């Protein structure tokens, strides 16, 4: 017999951002990010919609309360990290959701990060302007 946990926890990362997500069963769909309401922390609707997608696709938006501690990076990276964390926590809570989340691409870590600057170049790839004489 499986013991009922108080919450399910997972970590999501994107770019320089890292999010520790806890989902609490039996909630009402309340989302708190860094001790603030979701809409006050993520001002852009795109970011709010992006991180709520895993809950909406699985139809779990009213079954869990979500608590997130996120740090590093910018708003886009933080919302992406939160999205991955929520998806991973949902799989912890119910492994049968894995195929649905995998098909939607919510369990795939976005590995794109800023490319380092190379010596002799102005940025990662931009070379100084060529002059013939």
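Listing for the model above:
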item	result
Relative exposure of 112, 13, judged by other C-beta atoms within 10 Å (fewest first)	112, 13
Two-decimal Rg to Rh for segment 8-104 - Kirkwood Rh, Cα set	0.93
Label-to-label distance, nm, for residues given as residue 127 and residue 103 (7 Å Cα→Cβ offset)	4.8
Tilt relative to the chain, helix 75-93 - C-alpha long axis, 0 to 90 degrees, to 10	40
Mean residue ellipticity (222 nm) of the chain, computed from DSSP H runs ≥ 4 via -39,500 (n - 2.57), nearest 500	-10000 deg cm²/dmol
Computed Kirkwood radius, in angstrom, where 1/r is averaged over Cα pairs of segment 54-119	13.3
With Cα atoms, 0 to 90° folded angle of helix 45-58 axis to the chain main axis	40
Alpha-carbon centroids, segment 1-71 and segment 85-133: separation in whole Å	21
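Since every read-out is calculated from the coordinates, none of them should be taken as a lab result. All values derive from a computational prediction rather than experimental measurement. All Cβ positions, glycine included, derive from the backbone under ideal geometry; neighbour counts span all protein chains shown.
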